[in-house]
Amino acid sequence: MKTTLSVIKADIGSLAGHHVVHPDTIAAANKVLAEAKRNNIISDYYITFVGDDLQLIMTHERGELDTKVHETAWNAFKEAAKVAKELGLYAAGQDLLSDSFSGNLRGMGPGIAEIEFEERPAEPVVIFMADKTEPGAYNLPLYKIFADPFNTAGLVIDPTMHEGYKFEVLDVREGESIILNTPEESYDLLALIGTPSRYIIRRVYRKADNLQASVVSVERLNLIAGKYVGKDDPVMIIRAQHGLPALGEILEAFTVPYLVPGWMRGSHYGPLMPVPQKDARATRFDGPPRLVGLGFNIKNRRLVGPTDLFDDPAFDEVRRTAQIITDYIRKHGPFMPHRLEPEEMEYTTLPLVIEKLRNRFKKETDMYKTKPSMYSHESSQE
């Protein structure tokens, strides 16, 4: 019988602004998941948080997009949001974009990453949870983990990995997906995923046998709601070892605090800083963007663990670098490249400010008339 691992998250309200999940909301969600476990809807679960996002980690045997599992998560979020409202927490129920459950959580606000597999004798998995950024933030590390031999030695020396991997990439604007093979289509893959706001790696498969190795939550809240309601704060599952990247190869991809979009008001670039669970709370400029990594083993659908993977001095220098980058880029204030590009600001509140000024612009008739290019036929005439 196959095992399904479901990681579902939502911002249901937080303490002191977009800062941290309140323990009473975790307790409310725990009651719902404990009841679901007693009723054999789920086999095991673990509840945690990253910043203002409540994270539900569940195992079961029902497959992906199962109605009962998704309804359980929805009820947990609704109960937690109810407590958040009673406590007067900030943005209570923010990510719950619908009033009622309708079969599964797709398009309803919560982020979803689910993977179904046959358990290996030892089944190590890593769950990454980010705050103050969007799903494309995982594009760079996924490429390094599954396609870059300078990061992942197994691509060179492990025969089961040597053929490479297949990447399923979603175009979130057009609602289309494509599968590209590495290493032979690496440049084509990079041409797409280098624009992470549009092209998002959704799944990765081992090319030799089509075994699924990873999945990412790809929900874009602004595209669902048609306006800015908070960042997507994506989650990602990666299976490790036994013909897949080793744990150390997976973590190696996060040793550079690369820039991601999000941060304050979802409108700024900042470094993604890997932190231990105890530091998974937004502070400076509502950030910097944070990443938590939890390691589990799964045995007969039982979650064994977790271990807090970034709670280690090996990542102290990465965090120090992230703070240096933060100091530097914050000095740009409201200017690009700290502030996001115009097309990404479309769903924020900035257009409301621009609209107020629209009638005050005056047409300049001569200044920007089109002139022949220096390479055009007209300019080459004597």
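The values are calculated or read from the model by the stated rules, or taken from the named source; none is laboratory data. Predicted model only: the values in this text are computed from it and were never measured. Ideal geometry is used to build each Cβ from the backbone, glycine not excepted, and the neighbour counts take in all protein chains shown. With ligands, DNA and RNA removed, areas are computed over all heavy atoms of the protein, side chains included. Shrake-Rupley method; radii C 1.70, N 1.55, O 1.52, S 1.80 Å.
With Cα atoms as the point set, region 281-345 shows a radius of gyration and Dmax of 17.2, 52 Å. Where does the Debye-calculated log10 I(q)/I(0) of region 76-115 sit at q = 0.34 Å⁻¹, using only Cα point scatterers of equal weight, no solvent? Summing over Cα pairs of region 76-115 leads to -1.20.
So which trypsin sites (Lys or Arg not before Pro) in region 172-219 are both in a DSSP loop and have at most 14 other Cβ atoms within 10 Å of their Cβ?
Details: sites: 173, 198, 202, 203, 206, 207; in loops: 173, 198, 207.
Taking region 172-219 and a limit of 14 other Cβ atoms within 10 Å, the loop trypsin sites (Lys or Arg not before Pro) found are 173.
Could you rank the peptides 82-93, 256-267, 49-60 by their average count of other C-beta atoms within 10 Å per residue, with the highest value first? Working shown, then result.
Working: 82-93: 17.2, 256-267: 21.8, 49-60: 26.1.
Averaged packing, sorted descending, gives the order 49-60, 256-267, 82-93.
Remark on residue 177: its backbone amide H falls under 5 Å from those of 171, a criterion applied only to residues 5 or more positions apart or on other chains, H modelled at 1.01 Å from N.
Only helices enter the 222 nm calculation for the chain: every DSSP H run of n ≥ 4 contributes -39,500 (n - 2.57), and dividing by all residues gives -7500 deg cm²/dmol, rounded to 500. Accessible area per residue for the chain is 48 Å², calculated with a 1.4 Å probe on protein heavy atoms, without ligands, DNA or RNA. When the listed pairs 68/166; 85/331; 85/132; 9/85; 2/82 are checked against a 25 Å cut-off, the alpha-carbon distance exceeds it for 68/166; 85/331; 2/82.
Against the longest principal axis of the chain, how steep is helix 67-87, in degrees 0 to 90 to the nearest 10, with axes from Cα atoms? Helix 67-87 sits roughly 70 degrees off the main axis of the chain.
Apolar share of the accessible surface for region 30-178: 47 percent from carbon plus sulfur atoms, 1.4 Å probe. For region 73-168, the orientation-averaged shadow of the C-alpha convex hull comes to 9.3 nm² (one quarter of the hull surface). Each listed q (0.11, 0.16 Å⁻¹) maps to a log10 I(q)/I(0) for region 221-351 from the Debye sum over equal C-alpha point scatterers, namely -0.48, -0.89. Per the Kirkwood formula applied to alpha carbons, the chain shows a radius of gyration over Rh ratio, Rg over Rh, of 1.02.
Give me the percent of Cα-Cα pairs in region 148-201 that sit more than 17 Å apart, rounded to a whole number.
On the way: 592 of 1431 pairs.
Tail of the P(r) past 17 Å holds 41 percent of the pairs.
Shape analysis of region 1-118 yields a ratio of the Cα radius of gyration to the Kirkwood radius, Rg/Rh, of 0.96.
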